[in-house]
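One structure is given below, encoded as structure tokens.
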Amino acid sequence: MQEVRLGVIGCGQMAMHHMGYFSKIARLKFTAASDTDPERVKKVVDTYNVKGFDDGMKVIDPNLVDAVLIATPHYFHPQYAIAAMEKGIHVLTEKPVAVTAKAAEKMNEAHRKFNKTIYAIMFQSRTFPVWKKAKQIIDSGELGKLQRVTWIVTNWFRSQAYYDSGTWRATWAGEGGGVLINQCPHNLDLLTWLVGVPKLVSANVRLGHYHHIEVEDDVNAYLEFPDGATGNFITTTGEAPGTDLLEIAGDWGKLVITGNSNKIELHKNHVAAAEFCRTTKEMWATPGRDKVTIEVGGSSTHHQAITENFVAAVLDGEKLIAPGEDGIKGLELGNAMLMSGLLNKPIAIPTDRDAFEKLINDLSAKSKFQKGAVKKTVADMAGSFR
Ligand SMILES: NC(=O)c1ccc[n+]([C@@H]2O[C@H](COP(=O)([O-])OP(=O)(O)OC[C@H]3O[C@@H](n4cnc5c(N)ncnc54)[C@H](O)[C@@H]3O)[C@@H](O)[C@H]2O)c1
């Protein structure tokens, strides 16, 4: 294969952004697009001279495409991904991979079965120099044994007007959740990518606390990791000005990243904290330490970098930056936070995926956005997911 013929499913805001850089990727040939909204398909067909369809399943045809990029609302990602894999078509899906870990696991199962296909997810944050550097520091063991991870990410402020801009938005049946499923997937992915998946979550989750919405807009979670480290994840769409502060503390020091900056503050102990604690004879002493601010150079082409890597994975066997299988990790962490808050009890990971599925289904049944209306209403909506 010399080039990848790519079909796009869902022609909304995110897909239009992707289409804008396709011509910069030498071996990518954009050949087909679909959307349940005929006007959106027409616009894409007219602009890019591709074949257009009103049904995503019609794009999943080996005569038309070698790969698909799925950019529909989250609930539809699994059905298209699995259908594509079954036909030997490679899949690049938007985040979140699905709404529930159970659905994500079905995608992973399909990929294990149809393992000749390349399966990737649009986690473009993994290509940002600052996060690559943070991962390198953590993987090198420089921080020693992980002690604590705290991420306050409350700079996701959204107005009521934002939520009112689409009837599907912030509803159980239309979207499957609030800040955890819509705004936080990149944070939850980075957290699990950097330090692994917690084994236990205990969360306080408030539904419609700052907005007239049925889903969560305020989350305060406590985490426990398999090696004994603890963590906190705090997020909301109701705070302004918000904070974006990540601290990862280990026995040998601490890493601090504020906002999406290109700086990492690295504190390095001269002696590991545990050893110093054991051996010092001083009552009030703390380990000596150095503080370095690492200015991380370089840049990323963001989404384009992930799509380029996907094309290279299909054609050259290049290692994926964000394998689709990874999508379940941050998703299940978010599922666990929601379940813990709603049921008011700690939740172990892996979660009881059937129980979470039932919880979402029960909430969806009472949702003001009814499932039967999803297709039509989503197709009609003018707004978009973030
Ligand atoms: N990676 C990122 O940084 C990022 C940023 C924004 C959005 N996203 C993700 O991209 C996805 C789409 O978000 P968006 O902002 O483009 O939303 P959008 O509403 O602008 O676009 C979704 C499109 O899908 C179409 N659609 C709905 N149901 C469909 C179906 N069954 N088959 C085919 N088309 C269908 C809609 O008509 C609409 O045109 C979401 O999952 C979102 O989380 C990712």
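Could you list Arg278, Arg40 in order of exposure, starting from the residue whose Cβ has the fewest other Cβ atoms within 10 Å?
Values: Arg278 9, Arg40 20.
Fewest-to-most ranking of Arg278, Arg40: Arg278, Arg40.
Give me the distance between the Cα centres of the stretch 40-71 and the stretch 235-256, rounded to whole Å.
41 Å
Two-decimal Rg/Rh of the chain from alpha-carbon positions, Kirkwood Rh? Walk me through the intermediate numbers first.
Details: Rg = 21.8 Å, Rh = 21.9 Å.
Ratio value, two decimals: 0.99.
Using Cβ contacts closer than 10 Å as the measure, can you line up Ile89, Ile294 from fewest to most?
Values: Ile89 24, Ile294 16.
Arranged by neighbour count, lowest to highest, Ile89, Ile294 become Ile294, Ile89.
Could you tell me the distance between the Cα centroids of the stretch 107-159 and the stretch 170-234, to the nearest Å?
Centre-to-centre (Cα) distance: 15 Å.
Compare Thr100, Thr237, Thr279 in a GNM of the chain, Cα atoms joined below 10 Å, and give the one with the largest fluctuation.
Comparing Thr100, Thr237, Thr279 in a Gaussian network model of the chain, the most mobile one is Thr279.
Counting only helical runs of four or more DSSP H residues, what would the 222 nm mean residue ellipticity of the chain come to if each run contributes -39,500 (n - 2.57) and the total is spread over all its residues? Before the final figure, lay out the partial values.
Working: 13 runs with 133 residues, N = 386.
Computed mean residue ellipticity for the chain: -10000 deg cm²/dmol.
Exposure proxy check: Met107, Met16, Met1 ranked by fewest other beta carbons within 10 Å?
Values: Met107 26, Met16 16, Met1 8.
Arranged by neighbour count, lowest to highest, Met107, Met16, Met1 become Met1, Met16, Met107.
Given a cut-off of 25 Å, name the pairs among Lys145/Lys345; Lys135/Lys268; Lys102/Lys345; Lys135/Lys319; Lys106/Lys145 whose C-alpha atoms lie farther apart than that in the structure shown. Please report the intermediate quantities before stating the final value.
On the way: Lys145/Lys345 28 Å; Lys135/Lys268 16 Å; Lys102/Lys345 20 Å; Lys135/Lys319 17 Å; Lys106/Lys145 34 Å.
Pairs exceeding 25 Å: Lys145/Lys345; Lys106/Lys145.
Select from Ile294, Val219, Val311 the residue farthest towards the positive end of the dipole of the chain; place +1 on Cβ of Lys and Arg, -1 on Cβ of Asp and Glu, and compute about the Cα centre.
Of the options given, the answer is Val311.
Read-outs: derived from the displayed coordinates by stated rules, not from any lab. Since we're looking at a predicted model, the values are computed, not measured. Cβ sites come from the backbone with ideal geometry, for glycine too, and all protein chains shown count toward neighbours.
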